[in-house]
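Have a look at the structure below, then the notes.
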Amino acid sequence: DSGVTQTPKHLITATGQRVTLRCSPRSGDLSVYWYQQSLDQGLQFLIQYYNGEERAKGNILERFSAQQFPDLHSELNLSSLELGDSALYFCASSVGQVLHFGSGTRLTVV
Amino acid sequence: AQSVAQPEDQVNVAEGNPLTVKCTYSVSGNPYLFWYVQYPNRGLQFLLKYITGDNLVKGSYGFEAEFNKSQTSFHLKKPSALVSDSALYFCAVRDSGGNTPLVFGKGTRLSVIA
């Protein structure tokens, strides 16, 4: 168990809808990262937060947004969902160089 | 920009034989290098890292990796493979300078055959 908790584990939703994925980092970790894993694109970095502030942005679509709250948990919001958004979404947290990953949220858009 | 290449999508090895999973990287500065393993329906688990110091890094479950600066490689090795090592292995790199994100390779599926 990495100590990073992601909910829900599975999500099935229709095209055009909006969903929120939640991540609780390991106790004491200030950084939270979001990654998307798909079969064709591999593991893609989306966004990083550090102690509530956006720190780095990767290949995150404008339809996607994230935030980190004062208690350090983070949410990834995905809107106007398309079939191609179906993927595994991972959250990771760190206090040093090593990222510790949650077990992911599998999103299926139908 | 930083990048990672894992040239083999799949590696097959017999149980008890040594295994190697290859990784090459590209960064503008000095690299921080990592290996992660992913089992089915699980998140990525950290195996080992190279930050600085000895080029041979030892990690979890008997794995090790050798940092080769001239060849920009960081191959993962294990002297004797187990069936339970079968999984998806990811190499990752980030530049030591600045706040750059960790970039992952596309992964290599290791299959250890009994």
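Coordinate-derived values only; no laboratory data. No experiment lies behind these values; they were computed from the predicted model shown.
Summary table
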read-out	value
Scattering curve values for segment B:1-46, log₁₀ I(q)/I(0), Debye with Cα scatterers, q = 0.15, 0.24, 0.31 Å⁻¹	-0.57, -1.09, -1.17
Selected from B:F46, B:F104, B:F63 as most flexible by GNM, with chain B as the system and alpha-carbon contacts under 10 Å	B:F46
Hull volume in cubic angstrom per residue (convex hull over the Cα atoms of segment B:1-101)	106
Area projected by the alpha carbon convex hull of the protein assembly as shown, averaged over all directions, nm²	12.3
Above-threshold pairs, the threshold being 27 Å between Cα atoms, out of A:K57/B:K78; B:K78/B:K106; A:K9/A:K57; B:K49/B:K78	A:K57/B:K78
Aspartates and glutamates whose Cα lies under 20 Å from that of B:K77, excluding same-chain neighbours fewer than 8 positions away	B:E8, B:D9, B:E15, B:D54, B:E64, B:E66, B:D85
Of B:G98, B:G62, B:G16, the one that fluctuates the most in a GNM where chain B has Cα springs shorter than 10 Å	B:G98
